[in-house]
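Enquirer: Below are the structure tokens for one structure; questions will follow.
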Amino acid sequence: MDHPIVYDITRLATRVFNATPNGIDRVDMALARYFLNQREAPGDGMLFLGPLGYRVIKRAGAIDAIDAIHNHFGEDDDPEQDASYQQVKHWLQQGAGEHALASRISSPSRRFAGKAISWMARHGAPLRNSPARSLPPHARYINVSQYPLAIDGAFAWQAARPDVKMVFFIHDMLPLQTPEYFRAGEFAAHQRRLRNVARHGAGAIVSTQAVKEALQKHIAKLGRGDLPILVAPLPVAPIFLRDEAPDNELSAEPFFVQCGTLEPRKNHLMILHIWRELVTRHGSAAPKLILVGARGWENENIIDLLERCAPLRHHVLEVSGLATPSVKRLMKAARAVLMPSFAEGYGLPLAEALALGTPAIASDIPVFREIAGDHCTSLSPIDGEGWMRAIELAAQQRSRPFGAGSSGDASAVPDRFFRAIDEFVNSL
């Protein structure tokens, strides 16, 4: 029997104030759309936690909200109409001196903020109706974003509804494993998240066996060694599985792409030092590097190099606000996608590169080995000389050593991912 699904869209609704989605946003969006549009069990609905508490959102209102966020993120935008993408192409082809691009226009966020209030007013249950009163019998609550897991008492209503089974997606254990790469309060926040999983969770979902093993070890210490945990490798967005012609105007340009927030864990600093050396060695013939991602935290040294290192100015481009179709075109035309991270919970850019058939050079860490196996070049994240040699070799090659979809897990069919989660949730 399919139980009613109650999907928490709290974090997703707040992401309209970002120009483009990050990895967790994409997973959250994909599952929200699946449970709203492809699965229609009686009683399915959404929850939204606002300043006055939880609201239960009916299907029609939730679909309006999710579609608006999808459109705001530009997930269906045509790269030919994407001004930032056209600027990137110009920079690659003309060698323009600008090395930073403005974020996408933020006015859709402001328009949506007003719309969000209206759809909650139209489609939300009355404020006095708490989840304990409003949720259908034997519902399954799904939280993919890890918010508001760090808030003590956020799920106190479950005490009155033990028939509601709660399932949480834990994306990684990194704040506990490598706290030096996170904001100061994140270690304690992640501890609270896991305590709430132990207290309220009927099951958990992770994306890799490595994360499962780390979660099992920690959750057992909290008295929940019996917690069912599903390993569901993240699928790439369907656009990465569509066979489309490459942008021929970029095919002759030797360039590389690194995707991810600019913060120390992603190891941008090593890559930028490598690029300075590449420019010293090869001058104007050195390949170019496109950094796709917003600026994060504790990244002063990275920003100093981007803004003040003269040799990088004509060879490294920092760009944020690119819609997914534009990112796909860049990745497909790149000589390789770089993933030099010290630690990751998954690594969607690596999976996307493999699905496109684009070579990838990645850190030799357990999660990446699990995603890509032998289908990428693996190097220690502290082997600067090895990375430089691999980049120089890739810059000279135009053929693809690996075919599209060469890793089964990396290019997993989205429907398989959705079905696995649906079956797991209903089995609890």
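All of the numbers you see were taken from the coordinates with simple rules; none came from a lab. Note that this is a predicted model, so its numbers are computed, not measured. We place every Cβ from the backbone using ideal geometry, glycine too, and count neighbours over all the protein chains shown.
Enquirer: Could you tell me which helices of the chain pass both thresholds, a Cα extent of 18 Å or more along their own axis and a mean Kyte-Doolittle hydropathy of at least -1.0, with helices taken as whole DSSP H runs?
Expert: Details: long enough: 59-72 (19 Å, -0.08); 107-123 (24 Å, -0.66); 186-200 (21 Å, -1.25); 209-221 (19 Å, -0.58); 268-282 (21 Å, 0.19); 414-427 (20 Å, -0.46).
Qualifying helices: 59-72, 107-123, 209-221, 268-282, 414-427.
Enquirer: Which ³J(HN,Hα) values in Hz, rounded to whole numbers, follow from the phi angles of the range 362-372 under the Karplus curve 6.51 cos²θ - 1.76 cosθ + 1.60, where θ = phi - 60° and Gly and Pro get x?
Expert: So the Karplus estimates, Gly and Pro as x, are 9, 5, 7, 10, x, 4, 5, 5, 5, 6, 10 Hz.
Enquirer: Which far-off residues, 5 or more places away or on another chain, put their amide H under 5 Å from the one on ILE229, with H placed in the peptide plane?
Expert: The answer is ALA204.
Enquirer: Can you list residues from other chains, or at least 5 along the same chain, whose modelled amide H is less than 5 Å from the amide H of SER207?
Expert: Under 5 Å from the amide H of SER207 lie the amide H atoms of ALA232, each far enough along the sequence or on another chain.
Enquirer: In the chain, if every C-alpha pair distance is counted and binned at 20 Å from zero, what percent goes to each bin?
Expert: Calculated over all Cα pairs of the chain, the distribution is 25, 56, 18, 0 percent.
Enquirer: So, with +1 on the Cβ of K and R and -1 on the Cβ of D and E, and no other charges, what is the size of the charge dipole of the range 195-312 about its Cα centre, to the nearest 20 debye?
Expert: On the way: 14 positive and 13 negative charges, 157 e Å.
Roughly 760 debye, rounded to the nearest 20.
Enquirer: Rounded to whole Hz and in sequence order, give me ³J(HN,Hα) for the range 180-185 from the Karplus expression 6.51 cos²θ - 1.76 cosθ + 1.60, θ = phi - 60°, writing x for Gly and Pro.
Expert: So the J values, rounded to whole Hz, are 5, 9, 10, 4, 4, x.
Enquirer: Which aspartates and glutamates have a Cα lying under 16 Å from the Cα of LYS165, excluding residues fewer than 8 positions away in the same chain?
Expert: Once the sequence-local aspartates and glutamates are set aside, what remains near LYS165 is ASP2, ASP8, ASP44, ASP226, ASP422, GLU423.
Enquirer: Could you give the size of the charge dipole of the chain about its Cα centre, using +1 on the Cβ of each K and R and -1 on the Cβ of each D and E, expressed in debye and rounded to the nearest 20? Write down the numbers at each step before the final one.
Expert: Working: 47 positive and 46 negative charges, 258 e Å.
I would put it at about 1240 debye.
Enquirer: Could you work out how far the C-alpha centroid of the range 167-236 sits from that of the range 320-377, in angstrom?
Expert: Comparing the Cα centres of the range 167-236 and the range 320-377, I get a distance of 23 Å.
Enquirer: If you take the charge dipole of the chain about its Cα centre, with +1 on Lys and Arg Cβ and -1 on Asp and Glu Cβ, which of GLY23, SER251, THR280 is farthest toward its positive end?
Expert: GLY23
Enquirer: Which whole-number percent is the relative contact order of the chain (Cα, under 8 Å, 6+ apart)? Kindly include the intermediate steps, with their values, before the conclusion.
Expert: On the way: 756 pairs, mean separation 73.1, N = 428.
Computed value for the chain: 17 percent relative contact order.
Enquirer: Moving to a separate point now. Note down the relative contact order for the range 159-304 as a percent, whole number, built from C-alpha pairs under 8 angstrom at least six residues apart.
Expert: 20
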